[in-house]
Amino acid sequence: MKRIPLLFLILSALFVGCSDNDKFSSDASAILDFSIDSLAMDTVFTKTSTRTYDFWVYNKGNSGIRINEVRLTRPSQSGFRVNVDGNYVDSVAYDFEIRKGDSIRVFVELTAPITQRDTPQRIEDMLVFKLENGREQPLKLSAYSWKAIFIDEELIVDGDMTIDERQPIVVKKGIVVRKDATLTLSHAQLYFHDGAGIEVQGTIKADSCLFRGDRLDRMFSYLPYDRVSGQWKGIFIEQDSKDNVFQDCEIRSSYTGIACAQNASISLLRCAIHNCKGTGLELNESTASVDSCRISNTLGDCLNVIGSVVKINHSTLAQFYPFSAARGVALRFDAESNIVCDNTLVTGYEEDVIMGDGVDYYFENCILRTLDPGDSEEFVDVIWETPKSEIQGEKHFVTFDTDNLFYNFTIKEDSPAYQKEIGDLRIL
């Protein structure tokens, strides 16, 4: 007899609980809470889609809330696309419910509209939630649209060509410079799609150019894709390619920075090669001049010299690749190579970041993070950097943010490299 009232109480409690959860309020005080105050996307090239962003809409009240409609205020102009709880908002969507203590998820994408200006233009829209009680709760959506030139098919350069363009150029499938042709790039910003790169059978001359991947968004909130290596293929100087010149250029976040094949020649002046998933600069039975350059943070070697002749002056080779402890060294050369290295800083994480062979090399007025070989005519006025040196490794440089993978390899004034005019001394 005593079990009946107990069962009755349990069923009653369940019934009351269910009824309470099913209760919806149209009271004017009912409001939604959002996991973000506004949604700011990254810069995106015109006609290009962003990754999918998302946020949550919460009901923290004591009763359920009905949403009569969710709408974009200017959908045809802004290019935003919204999915609310599995339902696409073309321009408006109707009839959503959020029970008390529950939530729904909203997904947002953007295909950036065409703009008429060369600089990135801000675009905005409002996503408005209209509740059953008449209250409207808007959430701002924003991004920047950047007008770009798109090269959708492989660009074959079979005659002399000059590109002098201030608008960003998005290269989808790569560039090939045929033998006896010269590609001249001036002040160009080239953004390469995954797997795309440059193959030079003839000659390339680049002045004040940027070479990088085409992803402008972020892998994580703190990490732009541009700080992740391997975003595009790189630059390949093929066999017998002569008189290649890169001046005041930056090459970053590729797989290979620059690779030179047999009997090729290249000159690098005031250039930076950074954050490669392979080798920064690879010379294979070729000839090179490297002057006032920075080659940094590569999974392979920063500079790898095989059977080649290279003159290095006032440059910085910094091996601090963050994504793997199995990184290469800052400088590697074999017995068949001829190396002349002046006024150059070679440093990194490891105690020894130089792996050389043979006898045909000469270093003068350098800071080298390697083992002191003792008396040797091949090393003149060299400072041997060790982990015990007062300023060594990362302490030479202006910015070394390993949390956000942001680096500035400008040499600090209190570094012995700065005081002895060693390394790339430009302020960037």
* Theoretical gain in end-to-end length, LYS173 to ASP207 [0.36 nm per residue, Cα-Cα removed] -> 10.0 nm
* Rounded to the nearest 20 debye, dipole of region 234-350 from Cβ charges on Lys, Arg, Asp, Glu -> 360 debye
* the chain, helix-only ellipticity at 222 nm - DSSP H runs n ≥ 4, -39,500 (n - 2.57), divided by all residues, nearest 500 -> -2000 deg cm²/dmol
* Asked: Quick one: if the Förster radius is 41 Å, what FRET efficiency do LEU371 and SER221 give, using the C-beta to C-beta distance and rounding to 0.05?
  -> 0.45
* Asked: What pairs from LYS311/LYS420; LYS179/LYS242; LYS23/LYS60; LYS277/LYS420 go past 22 Å between their alpha carbons?
  -> LYS277/LYS420
* Antiparallel DSSP bridges in the chain: what percent, to the nearest 5? -> 30 percent
* Taking the DSSP beta bridges in region 317-428 as the whole, what percent of them are antiparallel, to the nearest 5? -> 20 percent
* Structure fact -> Two pseudo-spin positions, 7 Å from Cα along C-beta at GLU421 and at LYS388, lie apart in nanometres by 3.2 nm
* **Most positive-pole-ward Cα, SER253, SER221, PHE211, against dipole of region 167-257 from beta carbon charges** => SER221
* Structure fact -> Within region 184-210, the residues whose backbone N lies under 18 Å from a label point placed 7 Å from the Cα of ILE156 along the Cα-to-Cβ direction are 197-203
* Structure fact -> Using alpha-carbon positions, the gyration tensor of region 261-335 gives root eigenvalues a ≥ b ≥ c; with a/c under 1.5 called rounded, otherwise prolate if a/b exceeds b/c, else oblate, the class is oblate
* Pull out the extension gain between GLN239 and ASP164, defined as 0.36 nm times the separation in residues minus the alpha carbon to alpha carbon distance; nm, one decimal. => 24.3 nm
* Could you let me know the centre-to-centre spacing of region 230-249 and region 366-396, using Cα atoms, in angstrom? => 31 Å
* To do: Please work out the FRET efficiency for the pair SER63 and THR111, using the Cβ-Cβ distance as r and a Förster radius of 30 Å; give the result to the nearest 0.05.
  => 0.20
* Note the full-extension length gain between ILE149 and SER289 as 0.36 nm times their separation in residues minus their Cα-Cα distance, in nm to one decimal. => 47.2 nm
* To do: Could you work out how far apart the two model spin labels at ASP102 and LYS47 are, taking each label as a point 7 Å from the Cα in the direction of the beta carbon, and quote it in nm?
  => 4.4 nm
* Kindly express, to the nearest 10 degrees and within the range 0 to 90, the angle between helix 3-21's C-alpha long axis and the longest C-alpha principal axis of the chain. => 60 degrees
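Throughout, read-outs are computed from the coordinates displayed, never taken from laboratory work. Quick caveat, the model's predicted, so the values are computed rather than measured. Neighbour counts are summed over all protein chains in view; Cβ atoms, including those assigned to glycine, are modelled from backbone coordinates with ideal geometry.
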